[in-house]
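Just below is one structure, and these are the notes that go with it.
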Amino acid sequence: MASANEELEQAQQAQDALRESEERYRAVVQQVSEAIFLLDPQTKHLLEANAAFLNLLGYSTSEIPHLTIYDLLPYDPSSIDAAAHQALLDGEYHLVDQQYRRKDGSLVMVQVSITAITYSGKRVLCEVLRDISERKQMEDVLARRVRQQAGVANLGQRALSGIDLDTLMDEAATIVTQTLGVEFCKILELMPDGTQLLLRAGCGWTEGLVGNMMLDAGLDSHSGYTLVAAGPVIVEDLRTEKRFNAPPLLRDHDVISGVSVIIHGRSRPFGVIGAHTSSHRNFTQDDIYFLQAVANVLAQTIERNLILQELKASRDQLGVILQGVADGITVQDPTGRLIYANDAALRLVGYSSQDELLAAPLAQVLNRFELIDERGQPLDPSDFPGRHALQGRGTSEIVVGWRTRATGETRWSVVKAAPVRNVHGQVQLAVSIFRDITDQVERERRKDDFIALASHELKTPITSLKIFTQLLRRRFERVASQSDPEQGETTPGPGFAHARELATDALVHLVRMDGQVDKLSELVRDLLDTSKITSGKISYTFERFDIGQLVQETVADLQRITDKHSIQIEKQARQEVVADRERIRQVLTNLLTNAIKYSPTADRILVRVEQRDPKEVLVCVQDFGIGVPDDQHDKIFNRFFQVSNPEQRLTERDTFPGLGLGLYISSEIIKRHGGRIWVESEVGKGSTFCFTLPIDAQTLSSAEDIRADGEQTHPGG
Ligand code: ADP
């Protein structure tokens, strides 16, 4: 049995061991990097604190017993109180983010872990603090960045929504002050003379300054300095600033810190935007990026406004020009609706106001007129070139007669339209131009009337002339070949010999005269044909014949009038066709006569007849003469057209100059048969005129007015 002494010793040992272990724990607690303190939940006094705690909050060990929790907390401690209360109840750990105040008054963000422990037989609170100010700072930076980006995005959106520049600037100033947490923002516009800046918009300044105040743009001012600086200009403390003078605006508002950046413009800066505060502030890189981004939104908007203004000015200018143009001009949208019409277009359709015309449905506008084509046939608005252009069928042109239903008066115009496409090639608009050709059409008509009348009146006397010439020819031929009835054939008397001489001489002239009368009647025939074509009175007599044989006959006829050229038939398909034989002969004669006429130095002409396919035959006449310039290959088939070719002038001295009607008539004849006619030619080398003829023109849908008996009456033109 242990003695009382032994018991005492044992107790002492146990106490020592306990103390030792407590010392060990205390040493460990003292050394951990987390700040730890014990708190009496009743008195709110601190009981113990480790070195890390002293270090974190700046107290000494001796001060600890005098501190209460309220000395450490800057704000309402309700959340930490609640956690402490809970810890005392459940004995678990509770985490709270909380700001603590250092001895010097500065704040530190910590994460507190609170738990209740038994200390010296008492339930106390043990709080472990972990410094999270860095993490918190990062979070703050991120949150600020998000705010700034949202601010810029918001401003950009407002700019795109088309608000006016002044409103946008006001909003920009508000966003800058709110986002950066400063009291002042200024947006300055550089005046045209470059020496002053106007306080165009802003926030925080004394009332009445925005919109009125002028600032010096000299290098010695903050803003002037910013205008020439490569980057943002940051002022930490305006009172000690050495680079420039503090402008009155900033001085009067006790500004201390600030940052300014340029708002760029097209050829020179638009101005400056600045954020300022009356406290000391270190602007971060993020703050500067934000301000720069706001400046960029403003610069882009200003540039866009400028472009819009320029566009509008040029549109107005174009409008003035278009209004002054004598031709009518209209623009249609893809649905065919009129969206523009100049004055001349208004006059054409009898409207006096553009708004009225644009508001009226197109069908209603056109319904005031009976629309006709060149031949007087009704014209459908769907044939208008504008409609073609919108349907993606490119540029086209037609002649339109506008017969006003109310008065019967007709005006004529050439209507031409072209599509306007977007970058993807889709048709966006159709622009139509209406040129008034009423006077020209009237003149043509008078000319046509004259030609019709003159050729008709000339026909009879020329026919008589031909008859009398031939009569005279026959008589003189008889005289010239007669023998003297008294003297006999071998030795005619002097009187008779003289008469024969006279007759022979007269015959020479009569033969020439006969030739000229032939040419004259050809001319008159051409004129008559032309006026029949234009008035739509030409008629065709269809019959079945062999085109190869017709070519052979015509070549033989023409060979007689030239001894210079040998007309050779290179290919001669025998092919029956149904056509107007005499009209086709007329075409062949014209082509061959031209080939002879326009190849004065060549010695051969080639003719080919080929069957193209089961439905068509091709006829070509090739010469080796003066040729036709490229740009006139199409025009050559127009009425009264003659090539402007210097070589031709030379050939015409020896030949009978034509009227430029032969090819026109030929092409009309071929077209009416449903065929095509064209020329391939090179100046100086010769020409090949070709035409195709359908084997049976009657089966062609284009010749629907060919009558069953084989005769066709075509409207002509
Ligand atoms: P013309 O009576 O003047 O010959 P055409 O209508 O037959 O009238 O011809 C029109 C114009 O075409 C002629 O004036 C001439 O300039 C040109 N031409 C016609 N055929 C030829 C050809 N074979 N070679 C060169 N030019 C030609």
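This table checks each residue for (1) modelled with pLDDT of 85 or more; (2) open to solvent by 90 Å² or more (accessible area, probe 1.4 Å); (3) under 29 Å from E310 (Cα atoms); (4) in contact with a strand residue (DSSP E or B) (Cβ under 9 Å, 6 or more places away or on another chain).
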position	(1), (2), (3), (4)
S221	no, no, no, yes
A230	no, yes, no, no
L238	yes, no, no, yes
R243	yes, yes, no, yes
D254	yes, yes, no, no
> Mind checking which pairs have a first residue in region 666-691 that is aliphatic (A, V, I, L, M) and a second that is assigned to a helix (DSSP H, G or I) and open to solvent by 40 Å² or more (accessible area, probe 1.4 Å), Cβ under 9 Å, 6 or more apart or different chains?
Replying inline: I677/K671; V683/D630; V683/E647
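Residues are listed down the side, and each one gets a yes or a no for (1) touching a Gly at 6+ places or on another chain (Cβ under 8 Å); (2) modelled with pLDDT under 90:
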{"site": "Q309", "(1), (2)": "no, yes"}
{"site": "A313", "(1), (2)": "no, yes"}
{"site": "A341", "(1), (2)": "yes, no"}
{"site": "G376", "(1), (2)": "yes, yes"}
>> Between a residue in region 277-301 that is in contact (Cβ under 8 Å) with a residue 60 or more places away in the chain and of a type in the set (D, E) and any residue that is crowded, with 18+ Cβ neighbours inside 10 Å and part of a helix (DSSP H, G or I), which pairs come within a Cβ distance under 9 Å, given they are 6 or more apart or on different chains?
In response: D286/Q148; D287/Q148; D287/T179; D287/L180
>> Looking only at region 530-545, filter to residues that are open to solvent by less than 50 Å² (accessible area, probe 1.4 Å) and at pLDDT 90 or above; which one of those is nearest to E668 (Cα to Cα)?
In response: F542
> For region 498-521, how many residues are surrounded by 13 or more Cβ atoms within 10 Å (Cβ to Cβ) and of a type in the set (D, E, K, R)?
Replying inline: 3
> Only one residue in K447, K416 is at pLDDT 90 or above and open to solvent by 30 Å² or more (accessible area, probe 1.4 Å), so which one is that?
Replying inline: K416
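Residues checked against (1) touching a helix residue (DSSP H, G or I) at 6+ places or on another chain (Cβ under 6 Å); (2) open to solvent by 30 Å² or more (accessible area, probe 1.4 Å); (3) within 30 Å of A143 (Cβ to Cβ):
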| residue | (1), (2), (3) |
| --- | --- |
| S279 | no, yes, yes |
| L306 | no, yes, no |
| Q323 | yes, yes, no |
| G350 | no, yes, no |
| D355 | no, yes, no |
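Just to be sure, is A201 in a helix (DSSP H, G or I) and at negative phi? So that I can check it myself, show each step before the final result.
Working: in a helix (DSSP H, G or I): no; at negative phi: yes.
It is false that A201 is in a helix (DSSP H, G or I) and at negative phi.
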>> Can you go through A452, A480 and tell me which one is surrounded by 11 or more Cβ atoms within 10 Å (Cβ to Cβ), within 28 Å of S521 (Cα to Cα) and at pLDDT below 85?
In response: A480
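Taking region 400-424, which residues are basic (K, R) and over 19 Å from G336 (Cα atoms)? Reasoning before the result, please.
Our first condition is that a residue be basic (K, R); within region 400-424, this holds for 403, 405, 411, 416, 421.
Passing the criteria: R403, R405, R411.
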> Any chance region 627-641 includes a residue that's near the ligand (Cβ under 8 Å from one of its atoms), in contact with a helix residue (DSSP H, G or I) (Cβ under 7 Å, 6 or more places away or on another chain), over 22 Å from K519 (Cβ atoms) and modelled with pLDDT of 95 or more?
Replying inline: no
> Among the numbered criteria (1) among the polar types (S, T, N, Q); (2) farther than 21 Å from Q137 by Cα; (3) surrounded by 14 or more Cβ atoms within 10 Å (Cβ to Cβ), which single criterion is violated by Q99?
Replying inline: (2)
>> Here is a check on your reading of the model: is F624 under 23 Å from E522 (Cα atoms) and either touching a residue at least 12 places away in the same chain (Cβ under 8 Å) or more than 9 Å from the ligand (Cβ to nearest atom) (or both)?
In response: no
> Assuming V423 fulfils every condition listed in (1) free of Cβ contacts under 8 Å to residues at least 40 places away in the same chain; (2) touching a helix residue (DSSP H, G or I) at 6+ places or on another chain (Cβ under 8 Å) apart from one, which condition is it?
Replying inline: (2)
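So is V176 part of a loop (DSSP other than H, G, I, E, B), buried (at least 19 other Cβ atoms within 10 Å of the Cβ) and more than 33 Å from the chain's Cα centre (by Cα) or not? Step through it out loud before you land on a result.
Numbers: part of a loop (DSSP other than H, G, I, E, B): no; buried (at least 19 other Cβ atoms within 10 Å of the Cβ): yes; more than 33 Å from the chain's Cα centre (by Cα): yes.
No.
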>> Please go through region 131-160 and give me each residue that is of a type in the set (D, E) and either modelled with pLDDT of 90 or more or not in a helix (DSSP H, G or I) (or both), ordered by number.
In response: D131
> Out of all the residues in region 549-604, which are touching a Gly at 6+ places or on another chain (Cβ under 9 Å), away from the ligand (no atom under 15 Å from the Cβ) and within 27 Å of K685 (Cβ to Cβ)?
Replying inline: I569, Q572, A573
>> Just to be sure I understand the filter: pairs with C-beta atoms under 9 Å, separated by 6 or more residues or on different chains, first member in region 16-43 and closer than 23 Å to V110 by Cα, second member open to solvent by 80 Å² or more (accessible area, probe 1.4 Å) and of a type in the set (S, T, N, Q). Which pairs pass?
In response: A35/N55
>> When the residues of region 51-68 are narrowed to those that are open to solvent by less than 60 Å² (accessible area, probe 1.4 Å) and touching a His at 6+ places or on another chain (Cβ under 8 Å), which ends up nearest to Q31 (Cα to Cα)?
In response: L67
>> Let me spell it out: the conditions are (1) within 23 Å of T179 (Cα to Cα); (2) under 34 Å from the mean Cα position of the chain (by Cα); (3) open to solvent by 20 Å² or more (accessible area, probe 1.4 Å), and L298 meets all of them except one. Which number is the exception?
In response: (3)
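The values are calculated or read from the model by the stated rules, or taken from the named source; none is laboratory data. In this text, all values refer to a predicted model and were calculated from it rather than measured experimentally. Neighbour counts are summed over all protein chains in view; Cβ atoms, including those assigned to glycine, are modelled from backbone coordinates with ideal geometry. With ligands, DNA and RNA removed, areas are computed over all heavy atoms of the protein, side chains included. Shrake-Rupley method; radii C 1.70, N 1.55, O 1.52, S 1.80 Å.
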